[in-house]
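One structure below.
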Amino acid sequence: MFKIQTLNKISKKGLDLLSRDDYEVAGEIPNPDGIIVRSFDMQTMDIPASVRAIARAGAGVNNIPVQKCTEKGIVVFNTPGANANAVKELVLTGMLLSSRRVFEGITWTKSLKGQDVDIHQVVEKEKSKFGGTELKGKKLGIIGLGAIGVMVANDAIALGMDVIGYDPYITIDNAWGMDHRVQKSNSLDVLLSEVDYLTIHVPLNDSTKGMINADKLALMKKGVKILNFARSGLVNNADLMKGLDSGQVGFYICDIPDEEILDHAKILCIPHLGASTEEAEENCAIMAAKEISNYLETGNIKNSVNFPETDLPFTSDYRITISNKNIPSMVGQITTALASGKANIADMINKHKGDTAYNIINLDDALSPEVVENLKKIEGVISVRYLENKK
Ligand code: 3PG
């Protein structure tokens, strides 16, 4: 029986995949094997020593202490692409809201309630205050062509925009999925200098923090509209507001509000609604539940942000999984320890991601607890799991 703790409300469609014959699932549960989380901030949480895996039902993992987890051998999963369509639809909404003064217009129209005026007449007279521009024929720059960036690119092409993308790390699958009319930029600065709209779809980390700052804004066309539906911190707020005040930036719309930008006249802040659709919440929960149960039951890893993708068919009755520091002579020591316990290896795989390596070893026979303990004692070994094939 595995125990899963949920730190947020997670869609039932996902949790129902965890058969209650094999899983206990609850918000409060002692010694959980796994955690499923959405936006709960785990950074300062005392993560129980029993936890083997954390699945984030969403893309960004800023709310999880990933480095600390890696050091403890806790595999952290996310659900790339599962909420991408929802975010894309809100980005398109944002582009439209930054071009057509719908929000101001609706607010003004509401204010007419109870005023003793001829509504039709006053609307026709005043509507010119809320004129806008069209997306068709404008140029959109996209920084980051992951699942969301590619979907935005394709739909912007369908809306008649010119699209240019910048992503030095684009995957082959994402490149395949992109409309051939999307232009590729090898230089962020060139992209910035050409576009009428800019949308950012990269994670927040040391290399992306403040990536849109005064220097970058100065390269852009006067009046550029900027969309940030990724993370707060990617845009330097102080530089942005100076840009908005001088007219260099025409409009900013974001899904992650910061206190200092809330009431700026040329900024619209959405309360982080990108992934808040029924469909996205279900998709994320389903993917998270599959990832964490697959890992707990088989040790196989897919979509982890801190461990390598590792998949070995569970064709034997037993297997051992070992995470270790990615340093020389680990595999030799592990196989020697197994050999000294007379264990016969049926199949094995060894992968690494950065400083962390991960091994799955299929075994012909059961392993004595003593051998498992010896494996844990090898210097550089982070964690060991011994699994029985229940299928
Ligand atoms: C994400 O990281 O997937 C999005 O920002 C959505 O986050 P949320 O699930 O916390 O709304």
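Assess whether W176 counts as being within 25 Å of V305 (Cβ to Cβ) and away from the ligand (no atom under 16 Å from the Cβ).
The answer is yes for W176.
If the Cβ limit is 9 Å and pairs must be 6+ apart or interchain, which residue in the stretch 54-77 that is on the phi > 0 side of the Ramachandran plot pairs with which residue that is assigned to a loop (DSSP other than H, G, I, E, B) and away from the ligand (no atom under 14 Å from the Cβ)?
G73/R52; G73/F307
Looking at this structure, is G233 touching a residue at least 12 places away in the same chain (Cβ under 8 Å), assigned to a loop (DSSP other than H, G, I, E, B) and closer than 20 Å to P271 by Cβ?
For G233, the condition - touching a residue at least 12 places away in the same chain (Cβ under 8 Å), assigned to a loop (DSSP other than H, G, I, E, B) and closer than 20 Å to P271 by Cβ - is met.
So is A337 of a type in the set (A, V, I, L, M, F, W, C) and in contact with a strand residue (DSSP E or B) (Cβ under 7 Å, 6 or more places away or on another chain) or not?
Taking the combined requirement at face value, the residue does not satisfy it.
Please verify whether the stretch 340-351 includes one or more residues that are in contact with a strand residue (DSSP E or B) (Cβ under 7 Å, 6 or more places away or on another chain), surrounded by 15 or more Cβ atoms within 10 Å (Cβ to Cβ) and in a loop (DSSP other than H, G, I, E, B).
yes
Regarding A337, is this residue crowded, with 17+ Cβ neighbours inside 10 Å and farther than 30 Å from A147 by Cβ?
Spelling it out, A337 is indeed crowded, with 17+ Cβ neighbours inside 10 Å and farther than 30 Å from A147 by Cβ.
Which one of these does A280 not meet: (1) within 15 Å of the ligand (Cβ to nearest atom); (2) surrounded by fewer than 18 Cβ atoms within 10 Å (Cβ to Cβ); (3) assigned to a helix (DSSP H, G or I); (4) of a type in the set (A, V, I, L, M)?
(2)
Could you tell me which of the residues N303, N228, N236, N294 is out of contact with any Pro (no Cβ under 8 Å at 6 or more places or on another chain), at pLDDT 95 or above, within 16 Å of the ligand (Cβ to nearest atom) and not hydrophobic (A, V, I, L, M, F, W, C)?
N228
So which residues in the stretch 79-93 are assigned to a helix (DSSP H, G or I), out of contact with any His (no Cβ under 9 Å at 6 or more places or on another chain) and within 14 Å of the ligand (Cβ to nearest atom), if there are any at all?
Across the stretch 79-93, the qualifying residues are A84, N85, A86, K88, E89, L90.
Among the residues of the stretch 172-210, which ones are among the acidic types (D, E) and under 13 Å from G141 (Cβ atoms)?
Selection gives D189, E194, D196.
Out of the residues in the stretch 241-271 that are surrounded by fewer than 16 Cβ atoms within 10 Å (Cβ to Cβ) and within 29 Å of R38 (Cα to Cα), which is farthest from the ligand (Cβ to nearest atom)?
D263
Do you know which residues across the stretch 4-57 are in a strand (DSSP E or B), more than 16 Å from the ligand (Cβ to nearest atom) and buried (at least 19 other Cβ atoms within 10 Å of the Cβ)?
Within the stretch 4-57, I4, Q5, Y23, V25, G34, A53 meet the criteria.
For E260, work out the one condition from (1) in contact (Cβ under 8 Å) with a residue 24 or more places away in the chain; (2) assigned to a helix (DSSP H, G or I); (3) under 27 Å from I64 (Cα atoms); (4) not small (G, A, S) it doesn't fulfil.
Checking E260 against (1) in contact (Cβ under 8 Å) with a residue 24 or more places away in the chain; (2) assigned to a helix (DSSP H, G or I); (3) under 27 Å from I64 (Cα atoms); (4) not small (G, A, S), the one that fails is (1).
Pick from D189, D167: which is more than 17 Å from I226 (Cα to Cα) and at pLDDT 95 or above?
None of the other options fit; the residue is D167.
Regarding the stretch 322-345, can at least one residue be identified that is within 18 Å of A53 (Cβ to Cβ), out of contact with any Leu (no Cβ under 7 Å at 6 or more places or on another chain) and not aromatic (F, W, Y)?
Yes, some residue in the stretch 322-345 is within 18 Å of A53 (Cβ to Cβ), out of contact with any Leu (no Cβ under 7 Å at 6 or more places or on another chain) and not aromatic (F, W, Y).
Quick check: anything in the stretch 61-78 assigned to a helix (DSSP H, G or I) and within 16 Å of the ligand (Cβ to nearest atom)?
Yes, because at least one residue in the stretch 61-78 is assigned to a helix (DSSP H, G or I) and within 16 Å of the ligand (Cβ to nearest atom).
The values are calculated or read from the model by the stated rules, or taken from the named source; none is laboratory data. Model, not experiment: these values are computed from the prediction. Every residue, glycine among them, receives a Cβ derived from its backbone with ideal geometry; neighbour counts consider all protein chains shown.
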